[in-house]
Amino acid sequence: MNPARAAIINRIQCRIVALDLRGHGETKVRNPEDLSAETMSKDVGNVVEAMYGDLSPPIMLIGHSMGGAIAVHTAAANAVPSLLGLCMIDVVEGTAMDALNSMQNFLRSRPKTFKSLENAIEWSVKSGQIRNLESARVSMVGQVKECEGDASPGGPKAIVEGIIEKKG
């Protein structure tokens, strides 16, 4: 290992926490319909508080696109009292925040089940979520996951709310 790199690594101690904001990933919340910046900023503060209580270390918030906008709102609301710094990447504040309102409608219109990953890919292109079939093949894989279980109303193998399930 490069000696300069080793010296830096030995001096810095940090923890990286990647959050799924409500309406993203596998996050479960009491009111998933509330995608307001205020609520998501409180969510970030609540996660930090749950992790550290009143003794949180210096925190650096980093957010991309809408996540950057939420990081700004979190900082402005002082939801993370030990905030040390803020990094925003590709923030389009107005556009990202305006998208929150339409996101609820989009999530409601998404089918609850798909028969297969290929079926989900086809839907993503036909619905206009993704415009290019090759892009859909790359990105939809990360939006679904295969699970075991009998909860699938769509048959032996289906995507249920973003999850591919196989009947045992």
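Coordinate-derived values only; no laboratory data. Here the structure is a predicted model, which is why all the values come from computation and not from measurement. Here the Cβ is made from the backbone with ideal geometry for all residues, glycine too, and neighbour counts use every protein chain on show.
For T113, the residues 5 or more places off, or on other chains, whose built amide H falls under 5 Å of its own are E161. What the phi angles of segment 108-119 give under the Karplus curve with 6.51, -1.76 and 1.60, with θ = phi - 60°, is a coupling list of 5, 7, 5, x, 6, 9, 10, 6, 7, 4, 4, 5 Hz, glycine and proline written as x.
Distances between placed amide hydrogens fall under 5 Å for H64 paired with I89, all partners being 5 or more residues away or on another chain.
Using Cβ contacts closer than 10 Å as the measure, can you line up I16, I62, I89 from fewest to most?
Listed from fewest to most nearby Cβ atoms, that is I16, I89, I62.
3J(HN,Hα) along segment 7-24: 5, 5, 4, 5, 8, 9, 10, 8, 10, 10, 10, 9, 9, 8, 5, 3, x, 10 Hz, from the Karplus curve 6.51 cos²θ - 1.76 cosθ + 1.60 with θ = phi - 60°, whole Hz, x for Gly and Pro.
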